[in-house]
Amino acid sequence: MVDNSSRKTSAKLWGGRFSSSTAASVEEFTQSIQYDWRLYRQDIAGSKVHAGMLARQGLITEEERDAIISGLEEIRGEIEEGTFTFRTELEDIHMNIEKALTDKIGAAGEKLHTARSRNDQVALDLRLYMREEAETLDILLQDVQNGFVKLARKYLGVVMPGYTHLQRAQPVLLSHHLLAYFEMFKRDRSRLSDCLSRLNLSPLGAAAMAGTGLPIDREFVAEKLGFAGVTANSMDTTGDRDYVMEYLFCLTTIQLHLSRLSEELVLWSSKEFEFIDIGDRYCTGSSIMPQKKNPDIPELIRGKTGRVVGSLMALLVTVKGLPLTYNRDLQEDKEPLFDALDTVKGGLSITAELLDNVTFKADRLKEATHGGFMTATDIADYLVRKNMPFRQAHGVVGNIVAQCQQRDIELTDLTLSELQEFSQLIDEDIFSVLTVEGSVNSRTSIGGTGIQRVSAAVEEAEGYLCS
Ligand code: ARG
């Protein structure tokens with residue numbers, strides 16, 4: 001798509017003060033068209049509104065405005081049909097489009113850049129692009145949440161071990177575990193929308209960095225492009241990439257959540273756990289070991305997390321130490337942003353599909369709750385209810401566990417009299433708290449794993465997704 005073979009000698013749009021043409025190597029090194037071409041729709045949308053504003057302000061005529069707008073529309077059509085040639089020597093998307101426009105409509109095209117700099121133009125394009133992509137991200141996040149809620153509904157009542165330090169800790173409902181992810185992705189959506197509230201301001205009119213003396217109307221442009229307002233300080237506006245850093249942080253958090261999920265799916269599908277089965281269509285095999293069925297999707301999502309984190313780091317380091325205002329270093333914001341966006345969108349979309357193709361093995365999950373003294377905390381709580389201070393209760397149960405370990409038995413194997421040797425407060429009713437179901441359902445605190453809490457949470461999540 002990008003043509004760097006036919007290096008035309010045509011003058012640069014900024015060529016006036018130069019006496020010799022740019023070295024080909026410099027053109028190659030400084031160009032960004034190879035990747036910023038994807039901002040073409042936003043660049044054109046911004047230019048159309050900018051031209052409308054220039055005409056309203058009497059800076060160009062209505063005929064010039066109309067010629068600009070139809071010329072830009074034609075260019076958009078050509079880009080979308082694949083007939084537009086992007087030229088390396090024109091550096092970036094802004095100059096490629098502006099030059100093509102001038103070639104098409106003549107002098108009116110040369111007026112488009114009035115009261116505008118590529119510095120505010122690129123900030124505008126990026127903000128528009130990121131805003132649009134945020135909508136796609138939100139839909140993808142919702143699809144993933146939907147996958148979790150469907151599973152939580154399907155498996156309501158199934159118990160499994162809850163882990164800390166990857167050691168069996170306390171029994172929980174599988175649906176509770178699944179809804180933890182629902183919450184993580186809910187935060188991701190809200191974090192993104194919070195980031196948008198700062199991003200959604202129009203930078204156009206900051207010009208190169210100091211504003212302009214021409215009678216522009218920044219607010220008109222902002223309103224037409226759907227921004228909530230305009231940025232305040234022209235110097236801050238062209239030097240600022242906080243919104244990209246923040247957005248990349250949002251993307252990184254989503255990716256980290258996907259990665260943690262992936263890690264669990266890899267573990268759970270292993271012979272060691274055998275908690276889930278991933279549908280054949282969503283696994284791959286080994287070229288040498290005929291028996292293998294590998295969880296490559298979650299592995300790749302986990303693997304791709306490095307590049308998303310790397311993208312965030314790359315931009316943070318790029319911005320560090322830059323003097324105000326615009327510096328060409330800032331051109332380096334786009335590749336990490338695009339790469340992170342592509343990676344996260346791909347990960348979310350395949351995860352939604354994957355969740356529809358995971359089957360949980362209820363019997364195995366239940367079996368895994370036996371052993372590991374997972375109801376030990378319940379005995380301590382039982383003693384607390386009988387007025388024993390928690391620290392003492394912790395000690396008593398610690399002794400019980402130690403004895404069980406010595407005798408290689410489970411808590412449920414102890415008789416009442418054996419239990420009573422540890423504390424006279426223990427009675428017949430202890431056995432109801434020793435069962436896995438008893439333990440789970442006793443956790444009725446807000447946010448706890450008791451069945452009533454979890455079924456209410458499933459219902460609430462379903463309501464949230466419908467609203
Ligand atoms: N391609 C540039 C970028 O992405 C656009 C702004 C260039 N401005 C300039 N004064 N060289 O940052």
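The values are calculated or read from the model by the stated rules, or taken from the named source; none is laboratory data. Predicted model only: the values in this text are computed from it and were never measured. All Cβ positions, glycine included, derive from the backbone under ideal geometry; neighbour counts span all protein chains shown.
Remarks
- Among residues of region 333-359, those that are charged (D, E, K, R) and within 16 Å of the ligand (Cβ to nearest atom), counted: 4
- Yes/no for I68 being in a helix (DSSP H, G or I) and out of contact with any strand residue (DSSP E or B) (no Cβ under 9 Å at 6 or more places or on another chain): yes
- Contact annotation: residue pairs with Cβ atoms under 7 Å, 6 or more positions apart or on different chains, pairing a residue in region 216-229 that is farther than 13 Å from A51 by Cβ with a partner that is at pLDDT 95 or above and of a type in the set (A, V, I, L, M), are R218/L204; R218/V230; E219/V230; A222/V230; F227/L201; A228/L201; G229/L201; G229/A222.
- Neighbours by Cβ (under 7 Å, 6+ apart or cross-chain): first from region 318-341, part of a loop (DSSP other than H, G, I, E, B); second surrounded by fewer than 17 Cβ atoms within 10 Å (Cβ to Cβ): L322/D329; L324/M235; T325/M235
- Among the residues of region 143-166, those identified as under 22 Å from T435 (Cα atoms) and without any contact (Cβ under 8 Å) to a residue 60 or more places away in the chain are Y163, T164, L166.
- Being over 23 Å from V317 (Cβ atoms) and either touching a strand residue (DSSP E or B) at 6+ places or on another chain (Cβ under 7 Å) or surrounded by fewer than 20 Cβ atoms within 10 Å (Cβ to Cβ) (or both) is a description that applies to L267.
- Filtered residues of region 201-231 (kept if more than 16 Å from the ligand (Cβ to nearest atom), within 28 Å of the chain's Cα centre (by Cα) and aliphatic (A, V, I, L, M)): L201, A222, L225, A228, V230
- Tallying residues that are aromatic (F, W, Y) and modelled with pLDDT under 95 within region 419-467 yields 1.
- Whichever residue in region 23-67 is polar (S, T, N, Q) and away from the ligand (no atom under 16 Å from the Cβ) and, among such residues, is surrounded by the most Cβ atoms within 10 Å (Cβ to Cβ): Q57
- Taking the conditions (1) surrounded by fewer than 23 Cβ atoms within 10 Å (Cβ to Cβ); (2) at pLDDT 95 or above in turn, A169 satisfies each one other than (2).
- Remark: pairs (first residue in region 342-353, over 17 Å from M184 (Cα atoms); second residue surrounded by 24 or more Cβ atoms within 10 Å (Cβ to Cβ) and at pLDDT 95 or above; Cβ separation under 6 Å; 6+ apart in sequence or on different chains) = T343/V308.
- Inter-residue pairs, beta-carbon under 6 Å, first under 13 Å from V244 (Cβ atoms) and in region 102-131, second charged (D, E, K, R) and within 11 Å of the ligand (Cβ to nearest atom), 6+ apart: D125/D43
- Taking region 360-407 as the range and being touching a strand residue (DSSP E or B) at 6+ places or on another chain (Cβ under 9 Å) and farther than 21 Å from P171 by Cβ as the test, no residue passes.
- Just one of the listed residues (E73, E89) is of a type in the set (D, E) and within 16 Å of the ligand (Cβ to nearest atom), namely E89.
- Residue check, S439 assigned to a helix (DSSP H, G or I), in contact (Cβ under 8 Å) with a residue 60 or more places away in the chain and over 16 Å from A180 (Cα atoms): yes
- Only residues that are among the aliphatic types (A, V, I, L, M), more than 16 Å from the ligand (Cβ to nearest atom) and under 27 Å from the mean Cα position of the chain (by Cα) were counted across region 273-332, and they come to 11.
- Residues of region 48-65 satisfying the condition of being in a loop (DSSP other than H, G, I, E, B) and among the β-branched types (V, I, T): I60, T61
- Meets criteria (touching a Phe, Trp or Tyr at 6+ places or on another chain (Cβ under 7 Å), surrounded by 17 or more Cβ atoms within 10 Å (Cβ to Cβ) and modelled with pLDDT of 95 or more) for L330: no
- Residue match in region 129-152 (condition: of a type in the set (G, A, S), surrounded by fewer than 23 Cβ atoms within 10 Å (Cβ to Cβ), modelled with pLDDT of 95 or more and away from the ligand (no atom under 16 Å from the Cβ)): yes
- Within region 374-422, the set of residues being surrounded by fewer than 19 Cβ atoms within 10 Å (Cβ to Cβ) and outside any helix (DSSP H, G or I) comprises K386, N387, M388, P389, D408, I409, E410, T415, E421, F422.
- Every pair of residues 6+ apart whose Cβ atoms lie under 8 Å, when the first sits in region 375-396 and is closer than 23 Å to E437 by Cα and in contact (Cβ under 8 Å) with a residue 40 or more places away in the chain while the second is assigned to a loop (DSSP other than H, G, I, E, B) and of a type in the set (S, T, Y): T375/T435; L383/S423
- If the condition is being surrounded by fewer than 22 Cβ atoms within 10 Å (Cβ to Cβ) and either within 12 Å of the ligand (Cβ to nearest atom) or among the polar types (S, T, N, Q) (or both), then region 92-109 contributes M95, T102.
- Within region 270-299, the set of residues being exposed (fewer than 11 other Cβ atoms within 10 Å of the Cβ), closer than 24 Å to G346 by Cβ and of a type in the set (K, R) comprises just one member, R281.
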